[in-house]
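These notes concern the structure reproduced below.
The values are calculated or read from the model by the stated rules, or taken from the named source; none is laboratory data. Keep in mind that what you see is a predicted model, and the values were worked out from it rather than measured. Neighbour counts run over all protein chains shown; Cβ positions are idealised from the backbone, glycine included.
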Amino acid sequence: MSSGFWNTLKRGFHHRRIGGRRTGIEAFIWRGNQPGPTLLLNGATHGDEYEGPAVLLDMARSWRPKNLCGTVIAIPVLNENAFLAGRRETPADGKNLARVFPGKAHGSHTERIAYFFRTQILQHVDLYVDFHSAGSMYEIEPWVGYCTVNDPAITKTQRKMARCFDRFWCWGSPYLPGRTVSAAWEHRVPAIYTESRGGGSLEPGDLANLRRGIRRLLVAFQFLPGKVALKSHPITRESTTRNEGYLQLDHPSPCDGLIASLVKLGARVKRGQPIAEVQPLDGSSPRIVRAAKTGRAVFVRRQRSIRQGEAIATLVPG
Ligand SMILES: [Zn+2]
């Protein structure tokens, strides 16, 4: 049993606004008929990612289970300031909410969100899922991921959680500080994240795959009655290579300019193959960017303008 604020709430569905007036969040809480663990779901850690908010707002409006065990908490939009501006980072302070955990009680706007989310909610739950996407500037071949951590019990639980999202490929990558899932690991809360297609829009098929994953997770961890078959993903990668999974570092643009991507999402690319052409703004010749390794393009640039140093694509071996 957790020690979160929701323990004082009665059975049934609740809506609360939590946190400060400017930095606060809308939280939806389902309290089951039977005691049990607490599952936390959130979207819009980054403000330009819409799949998580769409699915969780839909749950808040329409999901009224009769036979729930334990507690489910959904926060469709964790970073309202960034979401309402349609920006990855928080306009109020320019910070990335997935880089500032554990947060600060009296810090900047983003640091305060991280702090109260972690101390009032995240550290008191038993399972956690953070729904991300490529955001408006990129597209992603949807995956479910987790930190590869040195704890067999947590690893086992995280793999089981990931297998519920069976329409995604699966990528375990190393701990990187500052993220929601790294804060979860620091509190020993098993956690996964999903990455949906993004591109600034919402694909009905991607939303259906997320809903299916949530439904399977609720059954697999006995929040709801029933059975699900959990198989390992056809494509699974578990890596401990430093910086693997840090997409914003991959294939940086050599200059500011207009980019033409030469690889499609999901395509296999050979090392040395041109993956993009960047036309500098000073009218000089386009700069060709080549694949640094052989792999599958799982993250590609969609926005056609690019700054020097911004990522062009991520290739995953295999
Ligand atoms: Zn994100």
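Suppose the filter is touching a residue at least 12 places away in the same chain (Cβ under 8 Å), under 19 Å from the mean Cα position of the chain (by Cα) and surrounded by fewer than 17 Cβ atoms within 10 Å (Cβ to Cβ); does residue 56 pass it? Talk me through it step by step, then tell me what you get.
Values: touching a residue at least 12 places away in the same chain (Cβ under 8 Å): yes; under 19 Å from the mean Cα position of the chain (by Cα): yes; surrounded by fewer than 17 Cβ atoms within 10 Å (Cβ to Cβ): no.
No; evaluated as a whole, the condition is false for this residue.
Quick check: is even one residue across the range 105-115 closer than 20 Å to residue 190 by Cβ and assigned to a helix (DSSP H, G or I)? Full working, then the answer.
Of the residues in the range 105-115, the ones closer than 20 Å to residue 190 by Cβ are 114.
Then keep just the ones that are assigned to a helix (DSSP H, G or I); that gives 114.
Yes.
Within 14 Å of the ligand (Cβ to nearest atom) and in contact with a Gly (Cβ under 6 Å, 6 or more places away or on another chain) - does that describe any residue in the range 57-74?
The first filter runs over the range 57-74 and keeps only residues within 14 Å of the ligand (Cβ to nearest atom), leaving none.
There is no residue in the range 57-74 that is within 14 Å of the ligand (Cβ to nearest atom) and in contact with a Gly (Cβ under 6 Å, 6 or more places away or on another chain).
Is it the case that the range 154-174 has a residue that's in a loop (DSSP other than H, G, I, E, B), under 20 Å from residue 78 (Cβ atoms) and away from the ligand (no atom under 15 Å from the Cβ)? Show your work before the answer.
Here is the first cut: in the range 154-174, the residues in a loop (DSSP other than H, G, I, E, B) are 165-168.
Then keep just the ones that are under 20 Å from residue 78 (Cβ atoms); that gives 165.
Still in the running and away from the ligand (no atom under 15 Å from the Cβ): 165.
Scanning the range 154-174, I find at least one residue that is in a loop (DSSP other than H, G, I, E, B), under 20 Å from residue 78 (Cβ atoms) and away from the ligand (no atom under 15 Å from the Cβ), so the answer is yes.
A quick yes/no check of all residues on (1) at pLDDT 95 or above; (2) assigned by TED's automatic domain parsing to the domain that holds residue 300; (3) under 14 Å from the mean Cα position of the chain (by Cα); (4) over 21 Å from residue 75 (Cβ atoms):
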| site | (1), (2), (3), (4) |
| --- | --- |
| 176 | no, no, yes, yes |
| 179 | yes, no, yes, no |
| 186 | yes, no, no, no |
| 192 | yes, no, yes, no |
| 200 | no, no, no, yes |
| 216 | yes, no, no, no |
| 219 | yes, no, no, yes |
| 227 | yes, no, no, yes |
| 233 | no, no, no, yes |
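Just for the range 3-40: of the residues that are part of a loop (DSSP other than H, G, I, E, B), surrounded by 13 or more Cβ atoms within 10 Å (Cβ to Cβ) and not aliphatic (A, V, I, L, M), which one is modelled with the lowest pLDDT? Don't jump to the end; show me each part of the working.
Filtering the range 3-40 down to residues part of a loop (DSSP other than H, G, I, E, B) leaves 3-4, 9-11, 19-24, 32-33.
From what's left, surrounded by 13 or more Cβ atoms within 10 Å (Cβ to Cβ): 4, 9, 19, 23-24, 32-33.
Checking which are not aliphatic (A, V, I, L, M) leaves us with 4, 19, 23-24, 32-33.
Values: 4: 91, 19: 84, 23: 89, 24: 92, 32: 97, 33: 94.
Checked the range 3-40; the qualifying residue modelled with the lowest pLDDT is 19.
How many residues does the range 116-152 contain that are of a type in the set (Gly, Ala, Ser) and either part of a strand (DSSP E or B) or away from the ligand (no atom under 15 Å from the Cβ) (or both)? Talk me through it step by step, then tell me what you get.
Quick first cut of the range 116-152, residues of a type in the set (Gly, Ala, Ser) only: 133-136, 145.
Then drop every residue that is not either part of a strand (DSSP E or B) or away from the ligand (no atom under 15 Å from the Cβ) (or both), which leaves 133, 145.
The qualifying residues number 2.
From the list 248, 308, pick out the single residue that is touching a strand residue (DSSP E or B) at 6+ places or on another chain (Cβ under 6 Å) and either on the phi < 0 side of the Ramachandran plot or at pLDDT below 95 (or both).
Values: 308 fails: touching a strand residue (DSSP E or B) at 6+ places or on another chain (Cβ under 6 Å).
Selected residue: 248, the only one of 248, 308 that is touching a strand residue (DSSP E or B) at 6+ places or on another chain (Cβ under 6 Å) and either on the phi < 0 side of the Ramachandran plot or at pLDDT below 95 (or both).
Quick one: would you say residue 108 is closer than 25 Å to residue 55 by Cα, in the same structural domain as residue 210 (by TED's automatic domain parsing) and among the polar types (S, T, N, Q)? Walk me through it before giving the result.
Details: closer than 25 Å to residue 55 by Cα: no; in the same structural domain as residue 210 (by TED's automatic domain parsing): yes; among the polar types (S, T, N, Q): yes.
Answer is no for this residue.
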